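Read-outs throughout are calculated quantities, based only on the coordinates presented, and are distinct from any laboratory measurement. In this text the structure is predicted, and so the values were computed from the model without any measurement. Here Cβ is always computed from backbone atoms with ideal geometry, including for glycine, and neighbour counts include all displayed protein chains.
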Amino acid sequence: MSHRLQLLIPAAGMGTRLGADRPKALIDLAGVPLLVRTLRRFADLDLADGCIIMIAPQARAEFEGVLRAHFPAMRAQLVDGGKERQDSVRNGLAALDPATEIVLIHDAARPFVSADSIRASADAAAEFGAATVAIPSIDTILVSDGDAFLADTPDRKTLWACQTPQTFRVEVLRYAHEIALREHFTGTDDASLVQRAGGKVKLVMGSPLNFKVTTPQDLALARCVIEGGLA
Ligand code: CTP
Ligand code: MG
């Protein structure tokens with residue numbers, strides 16, 4: 001990868017579904033903060049020309065302490081996140097080094113992403129402009145009518161579950177965010193904003209182990225993954 005690439009790590013969420021009393025990225029996962037486990041996945045790759053981490057402003061000192069303790073040599077910039085994930089990413093985008101060509105976004109809450117997925121996502125963005133890691137849905141997905149009755153059952157072959165990293169040529173992502181902001185659209189990820197703005201997004205094969213730590217059950221599962229040496 002010869003393009004100038006910067007890493008954006010949304011880490012400003014409060015972990016409501018986890019029932020945490022602090023930002024989810026700072027909670028302990030088998031001895032170290034979740035954020036540290038996630039950043040370790042990138043530290044050895046030598047892929048990025050810098051890293052921007054979006055944080056909850058009230059926890060800035062704690063985030064700084066964690067980075068100092070675990071990654072003293074990392075060129076990381078801490079940027080205040082916003083109300084929704086999309087707001088946090090927009091703040092991160094505004095802080096990018098102007099020379100950046102490719103931006104790779106990865107949730108702090110996905111600590112088991114593989115090096116292969118990271119590289120494949122970055123390569124696909126360089127080739128196609130935008131890419132997201134995703135996995136084909138194993139479950140049949142039901143659409144409800146809003147009243148918990150079945151409205152539709154889309155063909156499973158077309159359904160994928162979204163993951164990160166999502167990787168973009170900078171101008172593609174900036175344009176998509178501008179459109180979303182102008183049209184007051186809020187999505188749960190960035191690839192959907194690009195697709196909505198008329199861009200093509202390549203799907204890159206991920207792994208079930210790249211799950212997002214969201215609930216207390218996910219956290220228990222994450223501990224098992226580490227103890228079992230699965231990722
Ligand atoms: N995130 C963010 N800014 C927000 C909300 C979320 O940077 N305003 C980040 C989270 O820190 C996380 C990723 O986006 O790494 C995915 O979000 P999610 O799993 O929903 O985390 P939380 O918002 O913390 O969890 P919850 O929705 O249960 O509160
Ligand atoms: Mg959230």
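Amide H to amide H distances under 5 Å link residue 80 with 55, where only residues 5 or more positions off or on other chains count and H is placed in the peptide plane.
A full extension of the chain between residue 218 and residue 143 corresponds to an added length of 24.6 nm, given 0.36 nm per residue minus the alpha carbon distance. Comparing mean-square fluctuations of 155, 46, 28 from a GNM of the chain with C-alpha springs under 10 Å, the top value falls on 155.
Per residue, the chain reaches -10000 deg cm²/dmol at 222 nm when only DSSP H runs of four or more residues are counted, each adding -39500 (n - 2.57).
Remark: relative contact order (the chain) = 23 percent; criterion is Cα-Cα distance under 8 angstrom and separation of 6 or more residues. Taking label points 7 Å from Cα along the Cα-to-Cβ direction, residue 203 and residue 188 give a separation of 1.6 nm.
What is the Cα centroid distance between segment 155-231 and segment 68-112, reported in whole angstrom? Here the answer is 15 Å between Cα centres. Summing charges over neighbours of residue 60, with a neighbour being any other residue whose Cβ is under 13 Å away from its Cβ, gives -1 when K and R count +1 and D and E count -1. Coordinate range of the alpha-carbon atoms in the chain per principal axis, descending: 52, 40, 32 Å.
Loop-resident GluC sites (Glu not before Pro) (DSSP state other than H, G, I, E or B) in segment 145-231 with no more than 11 further Cβ atoms inside 10 Å of their Cβ: 183.
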